[in-house]
1. Could you work out the relative contact order of segment A:90-246, using alpha carbon pairs under 8 angstrom and six or more residues apart, expressed as a whole percent?
2. Quickly rank A:177-184, A:3-10 as a protection proxy: mean count of other C-beta atoms within 10 Å, highest first.
3. Just order A:146-155, A:58-67 by mean Cβ neighbour count inside 10 Å, highest at the front, would you?
4. Could you work out the mean count of beta carbons from other protein chains within 10 Å of each residue's beta carbon in A:205-213?
5. Given axes a ≥ b ≥ c from the Cα gyration tensor, I'd like to know whether segment B:22-122 is rounded (a/c under 1.5), prolate (a/b larger than b/c) or oblate.
6. How many Cβ atoms of partner chains, on average, are near each residue of B:42-55 if near means within 10 Å of its Cβ?
7. Would you kindly give the portion of the calculated P(r) for chain A that falls above 23 Å, as a percent of all Cα pairs?
8. Strictly greater than 18 Å: what percent of every Cα pair in segment A:137-269 meets that?
Amino acid sequence: MRRDLKTIQEILYRLITAPSGVAEGLADERALGCDGLRGVISEGARLSAEDRVDIYASAYFYRIFDVLKEDYPATLKVLGETDFHNLITGYLIEYPPTHFSITYAGQFLARYVETHPLTERYPYIADLARLERALIDSFIAPDAEPLSSETMRSIDPDAWGSLRMRTHPSVLLLQASWDVAPVLRSLEEGRTLPDDPASGRFPIVIRRTNNRSFYRNAEWAEFEALSLARQGTSFGEICELVDAKTSGESAATIASLLARWLADAMLVASD
Amino acid sequence: MDASEFPFLGFGVGLRRDHYLHVLENRPDMDWFEIISENFMIDGGRPLEVLGAVRETYPIVAHGVSMSLGSTDPLNREHLGRLRELARRFKPAWISDHLCWTGVGGRNLHDLLPLPYTEEVVRHVAGRIREVQDFLERRIAIENVSSYMTFSDSRMTEWDFLSAVASEADCGILLDINNIFVSAFNQDFDARAYIDAVACDRVVQFHLAGHSDHGRYLLDTHDHPVRDEVWELYAYAVRRFGSISTLIEWDDNIPAFEVLAETADKARCIHDETVRTKADRDATRSENDSGNSLSAHHRA
């Protein structure tokens, strides 16, 4: 029985991504005629039609699995190979890749982990995955010319208040419920992973400077100031917000924050 | 097909992240680099900066893995738009992708799956290639993939299918010698018959890579040195197609850059030797032929 190309591709897609493997996928497959898979795929002396599809099924999973291991090294380290493998198996069923670039294959992993049973043992794992994803997103965020100290110095200080600025596209702000930054840091530095991180509210700033992604915990005043700047605002409004968040030390705080943001290429001029 | 659209670039290697720093700091002696297009179809960051710096010194070719020319889904306009933008910015010598499908129903398998070899599929894929070429305003090259299955509905050989698609779409062929070798083993055909039969005037580039031997089948893994049998097949292809831009692919277990450079040099040596031998043989044959015709003339 001849099938059109679309039907053939849909059958193969279902078999290759079948959650329990090609054999079980075949048992559930209704679009195959009495010839079964042999009616679609030719058999050979060394490999059956099912063996052949199985090669693609294996390649599908492991290609994405290997990419996600690279993208989420701390999540992998915390969970271990077996739990991470099982996590990704479930993730690909729930969130099969739709983007043309494999870079985005893991973009929903943190969302998936949030409700996964593994969070009972590792309640911070979704925040850790979210931080790792943010580093990737920051790494490939659009380019923009950062504001420099020289540019700021060239502007009349009286005009600073009305100077409009926004955060660089690579600056991402994450509110975590667990203190996951030290977990990631331990992994990067080859140290033993800390015991379960503290819970609470942890503002994390992610940025890309000189084409490398960085992250750190921030003070709330800085985090909220950057949240304001993300939408594009005036320097005067940032000063007002910091002033309201700090008690009597706002000038020093603002000067310190501004120096840091400029040094880290976190601000761009806003039209 | 205008050959000037696919000039002979010499012998290159794939530009991979592991070698960014080495390439930028040492500017090694290399004819050209091939990039995986999708790795650079991003908004910003280091990969684009690196590519800009590499492009200052070297020609590049943009080789994609996600165009899904054989899919029954509509062509992905975001993909094509980003590819066109990449091409405008970095001016690759040409653009290539695979004769395959990578997904259906809006979902992506991130793999290169083969197609049934039928006239109907030839028309389907060729139409989509023409659409891509119109969008990109340039001719592209399509690559034969390694395959682990063939379809019961197929009515022609892979090489006839590849040639027919290239002819109907009026595009170039990127002939992956390792893929021919791998598929020949997996599908029980003669690799040399493939090379003998594929449309000669369409072949614009070669790929060479390593593969893994799994006993009952070969897997195109790009994680080993090029096997001796593939080198022999490459020499055979050079004898038929002549001087064709050649690229070494190595995507996993990536060795030091010097190993890739040595592999590209080996391809150059095989090419040079093969072309020289062929020229000598042709010259000898030509002399013999003219001697024969002279004799014939005298006899007349």
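1. Working: 202 pairs, mean separation 35.6, N = 157.
Relative contact order for segment A:90-246 comes out at 23 percent.
2. Values: A:177-184: 20.5, A:3-10: 18.2.
In decreasing order of mean packing, A:177-184, A:3-10 become A:177-184, A:3-10.
3. Numbers: A:146-155: 13.2, A:58-67: 16.7.
The most tightly packed comes first, giving A:58-67, A:146-155.
4. That works out to 2 on average.
5. On the way: a/c = 2.66, a/b = 2.01, b/c = 1.32.
Since a/c reaches 1.5 and a/b is larger than b/c, the shape of segment B:22-122 is classed as prolate.
6. Values: counts 6, 8, 11, 13, 7, 3, 4, 3, 1, 0, 0, 0, 0, 0.
Averaged over the peptide's residues, the number is 4.
7. On the way: 23055 of 36585 pairs.
So the pairs more than 23 Å apart make up 63 percent of the total in chain A.
8. Numbers: 5024 of 8778 pairs.
Considering segment A:137-269, 57 percent of its Cα-Cα pairs are separated by more than 18 Å.
Read-outs throughout are calculated quantities, based only on the coordinates presented, and are distinct from any laboratory measurement. Worth saying up front: this structure is predicted, and the values here are computed from it rather than measured. Heads up, the Cβs are rebuilt from the backbone with ideal geometry, glycines too, and the neighbour counts pull from every protein chain shown.
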